[in-house]
Amino acid sequence: MSKTLSSTEKVRHYRQSLRAAGMKPVQFWATDPRAPHFAETIERQCRAINASAEEQEILDFCDAAAADIEGWV
């Protein structure tokens, strides 16, 4: 009769298999779009970008990079 694994044991086995495949866990933090003032911050940053002298150069670079990705455009 096989033993039923707990969820903790399943996660441990899963992580071990990922590590064996050369992966490692990474934690990162991202801005919460539900946070107070998130929309205002985004609008302020967009205005700063739009006012930037380098904006068109950056957009051209992004377009060229996206064109290299199959199925992107």
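The values are calculated or read from the model by the stated rules, or taken from the named source; none is laboratory data. Quick caveat, the model's predicted, so the values are computed rather than measured. When we count neighbours, we look across all protein chains shown, and the Cβ atoms used for this are built from the backbone with ideal geometry, even at glycine.
Some values worked out for this structure:
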| quantity | calculated |
| --- | --- |
| Selection count where residues are surrounded by fewer than 10 Cβ atoms within 10 Å (Cβ to Cβ) and either assigned to a loop (DSSP other than H, G, I, E, B) or touching a helix residue (DSSP H, G or I) at 6+ places or on another chain (Cβ under 9 Å) (or both), scope region 47-57 | 2 |
| Selection from region 20-46 of residues that are of a type in the set (Gly, Ala, Ser) and either surrounded by 10 or more Cβ atoms within 10 Å (Cβ to Cβ) or part of a helix (DSSP H, G or I) (or both) | 20, 39 |
| Check on residue 60, assigned to a loop (DSSP other than H, G, I, E, B) and of a type in the set (Asp, Glu) | no |
| Matching residues in region 22-42 - criterion: being out of contact with any Pro (no Cβ under 9 Å at 6 or more places or on another chain) and over 21 Å from residue 11 (Cβ atoms) | 29, 30, 31, 32, 33, 34, 35, 36, 37, 38, 40, 41 |
| Flag if residue 35 is modelled with pLDDT of 95 or more and of a type in the set (A, V, I, L, M, F, W, C) | yes |
| Single residue of region 3-32 satisfying the filter (within 30 Å of residue 43 (Cβ to Cβ) and not hydrophobic (A, V, I, L, M, F, W, C)) that is modelled with the lowest pLDDT | 31 |
